[in-house]
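First up is the structure itself, then whatever we jot down about it.
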Amino acid sequence: MSGRSLVPGISAPKLEIDRQFPTELNDSTASMRWDDAKEQVLVNAAFKELLSPSHRRTGVNLSELMPPSDIKKLLEKLDPELSSMVEVKGAFLCRLIGNDREILWLETTICECAAIEGGGLNRYAIFKDVTDRLTKELFFESFVDSLPGIVFSYTVYPDSSHYFSYMSIKTKEFFGIENKAFLADPNLAFEIIEPEDRPNVRERWAEATRTMTHWKAEYRTIVNGETRWFEGTAIPKLEPNGSVTWNGITIAIDDRKKLETELKEIASKDYLTGIFNRRYISELLSNQAHRFDRYDERSSVILIDIDSFKSINDKYGHDFGDLVLRQFSDLVINNIRKVDIFGRMGGEEFLIVLPNTGVKSALKVGKKILKKTRSKLKIIDGIKVQLTFSAGVSGFTDTRNSATKVLKRADQLLYKAKAEGRNCIKSDI
């Protein structure tokens, strides 16, 4: 052992053909061992075949074939005095200058056998060219890392055990969690989903599993205190052992959800007052009808029509009329609950939907708003106006169980209020 250094460049080991390599090795298996007495690296013919013709000559320096760090790692593992067999077990990678000066990636394993001479044990390395495999893997990794999403492969067995066999690195960027955390604990992928979104995700997954069709679901997670939207999609593949592998991708959809919200708001709002428009508030009233049918939730409505609004427009102009509508809308919003729904039905007609509220309570709300309208909207933009309105209050009952019927009854009561002199509210109470 004395006199030779494992540090390349100080005493660079020479490469020689080993004529007495372990007989258990196949001739096609590239192999190497260290000859301590000659301070040479001995290789078999199969190893030489990996090299370019110019490097197959006798006495070629190993430092011409491998990077210094790979030589040092390899020789240290071949030296029993530097590392035990327990420490060197398992494959590792070495780089080699191969044919056409290309870099080959060799999967390297250290083995041990009886020494050919003198008894004891001898170590040797065997090499497997994995360049093609690694090139494909590196291309796949590079391609996957360039995608705007998390690529995953998720397997579920018939006994419900499950795991991620692959999860790309963008989990850190998307969720603030390393991908290895998901590989170690597959349940984490479901635990990070906001609780109210989990049922939908699981229902869609169960349906896709039952039908063996494409799975797709949107969900929210909290990342660094901020709510973010994601969409997961995966295609199932039934394996011979009965397991199902789902190959898919998760993408961030924050921008899309923001746009959807903005478009929904634009589509649901009245352009003049900023409150809900007729179409949207009618949909919400229909939802209340469904809640009444399913849960017996007896909601009420207040249908409002501003008194003598045409004369305001005729006398002061439409710009002033628009200002009156906006100020009236602001007054109503400030005098109803957050759960109440307020919208403009058209012109000077408005509707308030009061969920889980009886007609008697709704009538009180209407009277409070009418009183404040009389007192707060006497002067608008420096112009004196005595603003009042007429209203009808109606609610869901066993016989009046649809949005159309409730709205029709409120309209009848509204016109009754107008017929009796305006500036009042009518109901069935």
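The values are calculated or read from the model by the stated rules, or taken from the named source; none is laboratory data. Note that the structure is predicted; figures quoted are calculated from it, not measured. Counting neighbours? That spans all protein chains shown, and the Cβs are built from the backbone with ideal geometry, glycine included. Just the protein is used for accessible areas: all its heavy atoms, side chains included, with ligands, DNA and RNA removed. Shrake-Rupley method; radii C 1.70, N 1.55, O 1.52, S 1.80 Å.
Here are the numbers:
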item	result
Compactness relative to 2.2 N^0.38 Å, alpha carbon Rg of the chain	1.80
Packing-based order for 363-375, 230-242, using average beta carbon neighbours within 10 Å, highest first	363-375, 230-242
Diffusion constant of the range 348-411 at 4 °C, which comes from Stokes-Einstein with the Kirkwood Cα-pair radius and 1.567 mPa s, µm²/s	97 µm²/s
³J(HN,Hα), Karplus 6.51/-1.76/1.60, whole Hz, each residue of the range 175-190, x for Gly, Pro	10, x, 10, 5, 5, 5, 5, 6, 5, 7, 9, x, 5, 4, 4, 8
193, 103, reordered so the largest accessible area comes first (probe 1.4 Å)	103, 193
As computed over the range 214-274, the Cα convex hull volume per residue (Å³)	106 Å³
Equivalent ellipsoid semi-axes, the range 120-216, via Cα gyration tensor eigenvalues times 5, rooted, Å	34, 18, 15
Backbone N under 18 Å from the residue 159 label point (7 Å along Cα→Cβ), restricted to the range 180-205	186-187
Simple spin-label estimate for residue 415 and residue 315 in nanometres, 7 Å along Cα-Cβ	2.7 nm
Protection proxy ranking of 298-310, 133-145, 332-344 - average other beta-carbon atoms within 10 Å, highest first	298-310, 332-344, 133-145
Carbon + sulfur, % of accessible area of the range 322-364 - ligands and nucleic acids excluded, 1.4 Å	48 percent
Under 5 Å, built H, 5+ apart or other chain: amide partners of residue 388	307
Range of Cα positions in the range 305-429 per principal axis (Å), largest first	48, 31, 22
Residue 171 accessible area, assembled protein chains, probe 1.4 Å, Å²	0 Å²
Potential extension, residue 269-residue 210 segment - 0.36 nm per residue separation minus Cα distance	17.2 nm
Helix-derived mean residue ellipticity, 222 nm - over the chain, DSSP H n ≥ 4, -39500 (n - 2.57), to 500	-11000 deg cm²/dmol
Most fluctuating residue given options 74, 351, 82, as computed from a GNM of the chain linking Cα atoms under 10 Å	82
Contour excess over end-to-end distance, with Cα ends at residue 322 and residue 95 and 0.36 nm allotted per residue	73.9 nm
Computed lengthening from residue 146 to residue 130, 0.36 nm per intervening residue step minus Cα-Cα distance	3.4 nm
Zone of residue 297's modelled label, taken as backbone nitrogen in the range 323-364 under 17 Å from a point 7 Å along Cα→Cβ	337-342, 352-359, 362
Between the range 187-237 and the range 167-182, the alpha-carbon center distance in angstrom	16 Å
Accessible surface, the chain, averaged per residue in Å² (probe 1.4 Å)	55 Å²
Column: log10 I(q)/I(0), Debye, Cα scatterers of the range 193-306, q = 0.18, 0.20, 0.21 Å⁻¹	-1.06, -1.11, -1.13
